[in-house]
Amino acid sequence: MSLRFLPLVLVAWIAFTGCRGPGIYVDARDYIAKHPPMPAKADRIRVGDVLNVQVFGEPTLSMPQVAVRPHGAISLPLLGEQPAAGLTPDELAKRLSRALDAYLKDARVTVILVSSTVVVHVIGEVSSAGKREFPRPVPILDVLAESGGLTQYANRKGIYLLRGSDRIRFDYYDLIRGSASVRNFLVESGDVLVVE
């Protein structure tokens, strides 16, 4: 092989080995610094909650069961997508009433929390992978414990959480001995926990 092809071979080798790495992720400590967690309040609507939205005198606009989708909104007749996560049921009812004022005179809306469950999927090197449900957000160690713990083949530096478009990397030793912000990092509904 002549030397003139050497640069092409080197570029191909770098591209090939670069694609086989662990991928792009953000370290948990950096993620927490940029996205400090909201205080967990039981009365706040979360992703995954199921709501009963009633519009007084308008059964076609009422929804006895509507889920808060991964992006934090609900979908309603006439109004379409409406943000819900982070609000109390009363705050959401008032917002929906104001939004409906453009279509109805004196719209009265009630919002009731039907069920509140945090659903997390766990895959990879754990004893029991699968869907886990919790009544509230819990730390990652609780999710790992519910999954039977790590297997002997687990990469203790290869634990990461998929949250929307974010890939957040955790080190097992940080989870058990690190800063409180990492140890107490709470999962949210829709998260996927991967153990390499």
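Bear in mind that the values in this text are calculations on the coordinates, not laboratory data. Keep in mind the model is a prediction, meaning the values are calculated, not measured. In this analysis, Cβ positions are derived from the backbone assuming ideal geometry, glycine residues included, and neighbour counts consider all displayed protein chains.
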(message) What are the equivalent ellipsoid semi-axes of segment 113-196, built from the alpha-carbon gyration tensor (square roots of five times its eigenvalues), in whole angstrom, biggest first?
(response) 20, 15, 12
(request) Arrange the following residues from fewest to most other Cβ atoms within 10 Å of their Cβ: 163, 136. (result) 136, 163
(request) Return the sequence-ordered ³J(HN,Hα) values of segment 191-196 in whole Hz as given by the Karplus equation 6.51 cos²θ - 1.76 cosθ + 1.60 applied to θ = phi - 60°, using x for Gly and Pro. (result) 5, 10, 9, 10, 10, 6
(request) Specify the inter-centroid distance of segment 129-146 and segment 53-85, based on alpha-carbon positions, in whole Å. (result) 28
(request) Fewest Cβ neighbours within 10 Å first, please rank 185, 170, 134 accordingly. (result) 134, 185, 170
(message) I'd like the per residue volume of the convex hull spanned by the Cα atoms of segment 50-115, given in cubic angstrom.
(response) 73
(request) Determine, for 173, 31, 25, the number of other Cβ atoms within 10 Å of each Cβ, and report the residues in order from fewest to most. (result) 173, 25, 31
(request) Determine which lysines satisfy two conditions relative to residue 34: a Cα distance under 29 Å, and not lying fewer than 8 residues away in the same chain. (result) 131, 157
(request) Determine the gain in length on full extension of the stretch residue 166-residue 133; use 0.36 nm per residue of separation and subtract their C-alpha separation, reporting nm with one decimal. (result) 9.8 nm
